[in-house]
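A short worksheet on the structure shown next.
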Amino acid sequence: MPNGLAGCCKTTALDITALLNGSKCSFTTCKFRLFAIARLALSSLATFFNSLPDTRLSMRFSAMPCHPAPFLDKMRGTMKQAQTKRIVLGITGGIAAYKAAELARLLIKQGIEVQVAMTEAATHFITPATMQALTGNPVLVNQWQDDKGMAHIQTSRVADAIVIAPATADFIAKLAHGLANDLLSSLCLARDCPLLVAPAMNKQMWANAATQRNVQRLADDGVVVLGPASGAQACGEEGMGRMLEAEELARDVFAALQNPTLTLLRQTQDRPSLSRLRERELNGVKVLITAGPTYEAIDAVRGITNRSSGKMGYAIALAAVEMGAEVLLVSGPTALAKPQGAQVVNVTSAAEMFEAVKQQVANADMFIGVAAVADYRVARPSEQKIKKSDAALTLELIPNPDILAYVASLPKPPFCVGFAAESEKLREHAAAKRKKKNIPLLAANLAQNAIGSDDNELVLFDAAGEHVLPRADKLVLARALLRHAAVLYKKGSK
Ligand SMILES: Cc1cc2nc3c(=O)[nH]c(=O)nc-3n(C[C@H](O)[C@H](O)[C@H](O)COP(=O)(O)O)c2cc1C
């Protein structure tokens, strides 16, 4: 029997005997004792797993606190999910470290296992205890207090990616120069997985030529740089350098983990193809996108709308920005945050959306009509609230302009991508719609699967036939759709 098991069995046996040796055993105390026995047995099992020689296994189990609920969760998790994604969340010493707590929470909510590693400076901004409580895993800080002695090498071996959020100017400089003078920088240098960094700093630090050089070097080395954003800064100034919000980072990390090209970053010998991940297929292309629902007024307070959330259109706007496009998003009413890097024109009704598109379309190289534009509007909306009465109320509805058809029939139309939300006979209706509108690419989805949800499934129709994009996060689909559109656009396909 391995020493670890012998040792822990001995302790457990003694403790169980002690527990059973109580004289009278009421129902409650018996229950308590049985629970305590189960606890002891489980913590012994955890100690046993820790004593196993296999590094991957012991790494995984070393993260287990010795109490039953997280332990069982981990056991369940380890057995259940061959494809569970694991990330190392690296936190460095910036004000935005507080956002790392929310990021960890959101990633865990998406089923990602999170191991936190912090620089010493980061512990001045957020405590390891908070991160340990949120993730259920002990936090790695000090390379000289490392039970296994090799955390700086082993940690990335069981991770699908390392995400540094926030990444200070100092840490970015270290990464760019291959320094490894603490645990987090060492494990980044010794990594065997992709690295994503979310810079967070004051606008002057960000604009400094040294930082810009370092960020460029990271990008050249295949590191994925997420953000930063522009906005109010902790120092009271306003400008570029804010870390992306936790929701945005969680979405990007999740999408990156689903992206097979990210795995290219594992191998340095793949470096020539690394550019594929950062490939800016839409560099300088002017993309006009419509998104969200429209709202057609009935009277001063009532209206006709639909359940479109705008998520797909916003994801496409974001993906287009990532791919280097200049994006103008004409958005109906949604509750979504403005996609970073896109210009947004907010409209309410289909008529307003049509006007905005007419004004902008001459500048567009590509038009993507994702909005769920109301087909009809009320002929004569009342300026005042219509008073309730016992009589039936008849509303006359008249058709709205077909924005996509208008754009596609311009003498020099941009490259047009249409969307079809069908509730049945998806393929039949979508293929017919593409032909009728005379557009090169149409993305079809089942309305009941798509509306409001974070993921979706698309079938693309073009001159070559149909291409299925299987169910995935909308941002993942948006990237795939745009890659497809970019190829057709470059070919000048019609
Ligand atoms: C209050 C305070 C806030 C700071 N905020 C940031 C920040 O947002 N971004 C940054 O790059 N550095 C910031 N710094 C400077 C870093 O903490 C400093 O460069 C530190 O050495 C970074 O260590 P690390 O990169 O090992 O985590 C801040 C420093 C202080 C004292």
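The values are calculated or read from the model by the stated rules, or taken from the named source; none is laboratory data. If you're wondering where the values come from, they're calculated on a predicted model, not measured in any experiment. Glycine also receives a Cβ, built like all others from the backbone with ideal geometry; neighbour counts cover every protein chain displayed.
Observations
- Cβ-Cβ contacts under 9 Å between residues 6 or more apart (or on different chains), taken from a first residue in segment 158-178 that is assigned by TED's automatic domain parsing to the domain that holds residue 226 and within 8 Å of the ligand (Cβ to nearest atom) to a second residue that is charged (D, E, K, R) and not in a helix (DSSP H, G or I), are listed as 174/182.
- Search result, residues across segment 87-99 that are more than 12 Å from residue 168 (Cβ to Cβ) and crowded, with 18+ Cβ neighbours inside 10 Å: 87, 88, 89, 99
- For first residues located in segment 343-354 and under 15 Å from residue 304 (Cβ atoms), partners that are assigned to a helix (DSSP H, G or I) and lie 6+ apart or on another chain with Cβ distances below 9 Å form the pairs 350/403; 353/403.
- Qualifying residue in segment 142-155 (condition: within 15 Å of the ligand (Cβ to nearest atom), modelled with pLDDT under 95, hydrophobic (A, V, I, L, M, F, W, C) and within 22 Å of residue 191 (Cα to Cα)): no
- Residue 476 being within 31 Å of the chain's Cα centre (by Cα) and surrounded by fewer than 16 Cβ atoms within 10 Å (Cβ to Cβ): no
- Of all residues making up segment 189-219, the number that are among the small types (Gly, Ala, Ser) and either in contact with a Pro (Cβ under 8 Å, 6 or more places away or on another chain) or in a strand (DSSP E or B) (or both): 2
- Residue within segment 380-397 that is among the small types (Gly, Ala, Ser) and under 30 Å from residue 487 (Cβ atoms) present: no
- Looking only at segment 102-138, and only at residues there that are touching a residue at least 12 places away in the same chain (Cβ under 8 Å) and among the polar types (S, T, N, Q), the one that is farthest from the ligand (Cβ to nearest atom): 110
- Summed over segment 227-249, residues that are crowded, with 18+ Cβ neighbours inside 10 Å, free of Cβ contacts under 8 Å to residues at least 60 places away in the same chain and assigned to a loop (DSSP other than H, G, I, E, B) total 2.
- Residues of segment 180-205 that are of a type outside the set (Ser, Thr, Tyr) and near the ligand (Cβ under 10 Å from one of its atoms): 181, 182, 184, 199, 200, 201, 202, 205.
- For residue 483: the one exception among (1) surrounded by fewer than 22 Cβ atoms within 10 Å (Cβ to Cβ); (2) touching a helix residue (DSSP H, G or I) at 6+ places or on another chain (Cβ under 8 Å): (2)
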